[in-house]
Amino acid sequence: MAYENITVETHRHVGLITLNRPKALNALCSALIRELGQALDAFEADDEIGAIVLTGSEKAFAAGADIKEMASKSFIDAYLADFITNGWERITTCRKPVVAAVAGFALGGGCEVAMMCDFILAADNAKFGQPEITIGTIPGAGGTQRLVRAVGKAKAMEMVLTGRMIDAVEAERAGLVSRVVPLAELIDEAVKVADKIASLSRPVVLLAKEAVNAAFETPLAQGIRFERRLFHATFATEDQKEGMAAFIEKRSPAFRNR
Ligand SMILES: CC(C)(O)CC(=O)SCCNC(=O)CCNC(=O)[C@H](O)C(C)(C)COP(=O)(O)OP(=O)(O)OC[C@H]1O[C@@H](n2cnc3c(N)ncnc32)[C@H](O)[C@@H]1OP(=O)(O)O
């Protein structure tokens, strides 16, 4: 498929989606969000792909929703179109793991999109922020909710109320990103991590992702019960038998995604 605002490549079993609106610092216009959804649909449907990396440019992962596109919207426009929910949350319904590889600015919707991914690898020049308050609005793609869960109320509240950006080091210390890597190594490292995930048992990876995500939405006792049932379910897979046999026989496992 031909895209105008993103580029799409595959690296072995990894799907790489690069946001590509350089003149607007990858501002997330509706066409870009639509294309992102189409690319995710295609990778989800492709049995060869086991994990997905979402990235931007060295200067900007994404500088937020497209302000020029949304500036004149009325309440009725936004409400009737369910602006933001519509299309944006496709990342959160992706069953395959999605790694955000963030360099440069990840602001507003850019930070929110990164947080919709399963984890964030940051380049050492990354900057995260929710600056919506400085343009007279508030985060509308999950920022007030996911940022609190990632960095805690105090830092999230300060960021949302002032628009202050945090750099990669502060983001790692706060738990927003899993790791910081040199800018020049970001894509290789993200693809390497995604390829590692793709090399493992597909059904067990999906179960693990479901179990971790449940921690966001369920009380502890219910989450533990859910985890235990999914853990039990892994024993119904051929890959659990293969993984444990390979360990005992001191060889590499050959997972068949069954
Ligand atoms: C999703 C929601 C609901 O949560 C809402 C949002 O996301 S609201 C948007 C939140 N984001 C912002 O407020 C960030 C806006 N951008 C900036 O503050 C700056 O561009 C910067 C600090 C990221 C970078 O500054 P600088 O290096 O000086 O570059 P600029 O000259 O400002 O930008 C270059 C070019 O990109 C256009 N641009 C940047 N961000 C956006 C945007 N979010 N929407 C539309 N266009 C954007 C900027 O206008 C420039 O283009 P030209 O005007 O020169 O054509």
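Data overview
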quantity: Acute angle (nearest 10 degrees) that the helix 202-217 long axis makes with the longest principal axis of the chain, alpha-carbon atoms; calculated: 50
quantity: With every protein chain in place, the stretch 200-249: carbon and sulfur % of accessible area (1.4 Å); calculated: 68
quantity: Whichever aspartates and glutamates have a C-alpha closer than 14 Å to that of Lys59, once near sequence neighbours (fewer than 8 apart) are set aside; calculated: Asp124, Asp167
quantity: Amide H partners (placed H, <5 Å) of Val181, local residues excluded; calculated: Ala122, Ala123, Asp124
quantity: Anisotropy class of the stretch 200-249 from Cα gyration tensor, a/c 1.5 cut; calculated: prolate
quantity: The chain, dipole about Cα centre (Lys/Arg Cβ +1, Asp/Glu Cβ -1), debye to the nearest 20; calculated: 620
quantity: Vicinal HN-Hα couplings computed from phi for the stretch 238-254 (Karplus, 6.51 cos²θ - 1.76 cosθ + 1.60; Hz; Gly/Pro x); calculated: 5, 5, 5, 4, 5, x, 6, 4, 4, 4, 5, 8, 6, 9, 7, x, 10
quantity: Cα-based Rg and Dmax for the chain, where Dmax is the largest Cα-Cα distance (Å); calculated: 19.0, 65
quantity: Ellipticity estimate at 222 nm from DSSP helix runs (n ≥ 4, -39,500 (n - 2.57)) divided over the chain, nearest 500; calculated: -13500 deg cm²/dmol
quantity: Qualifying lysines (Cα of each under 23 Å from Cα of Lys96; at least 8 residues distant if same chain); calculated: Lys192, Lys196, Lys209, Lys241
quantity: Listed residues Val177, Pro131, Gly87: farthest to the positive end of the dipole of the chain (Cβ charges); calculated: Val177
quantity: Separation of alpha-carbon centers, the stretch 34-49 and the stretch 153-182, rounded to whole Å; calculated: 30
quantity: Heavy atoms of Val212: accessible area, 1.4 Å probe, square angstrom to 10; calculated: 90
quantity: Per residue accessible area of the stretch 175-231, 1.4 Å probe, in Å²; calculated: 61
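The values are calculated or read from the model by the stated rules, or taken from the named source; none is laboratory data. A quick note: this is a predicted structure, and the numbers were derived from the prediction, not measured. No Cβ is skipped: glycine too gets one built from the backbone with ideal geometry, and neighbour counts run over all protein chains shown. We work out accessible area using only protein heavy atoms, side chains counted, and drop any ligands, DNA or RNA first. Shrake-Rupley method; radii C 1.70, N 1.55, O 1.52, S 1.80 Å.
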